[in-house]
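Read the structure below first, then the notes.
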Amino acid sequence: MFVLGFLIDELEMTIAGQHFSGYFHSVIRNMAEDEEPDEDAVEANRQIVRYLSKAAGKETIDAMEKMTGNTVLHLVCELFTDLQMVNALISQGADLNPVRNDDMLPLAIINKKYAEDPDSDVLYDIKELMERKGARASWRTFQ
């Protein structure tokens, strides 16, 4: 983690461009494979998202996978329930309203999870943050 921080914070290394196409998406998927991460693993995952968000830049964060149309924000909303990860992406300018191939937007994913677990304070906080920043649950609601 220290090396990653040094490369990104001190050397200002980026992971933008075609050489890193799909890299951020792959990292998110790999992090989600840990079925029951402990507190240290959760914090490490958050820090990785913070660093990669900073290094990736908006274009890489908003890049859509060809097969699914997923952006990194779609994946974080679908695979994790973590306000800090979502906030890290939003803070780096992630598009809040990308439409993936099945017409789902990131907020729609959160709303679905929240409907299944209405007592989740974290899901409520993610939903509120995204709405406050301008996220929509459906692309059909755009004017």
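I'd like to compare 92-105, 62-75: which one has the highest average count of other Cβ atoms within 10 Å, and what's the full order after that?
So the order, starting with the most tightly packed, is 62-75, 92-105.
Note on Asp117 and Glu43: with the Förster distance fixed at 22 Å, the Cβ-Cβ geometry gives a FRET efficiency of about 0.45.
Laboratory data are not the source of any read-out in this text; all were calculated from the coordinates shown. Just so we're clear, the structure is a prediction, and the values are computed from it rather than from any experiment. Here Cβ is always computed from backbone atoms with ideal geometry, including for glycine, and neighbour counts include all displayed protein chains.
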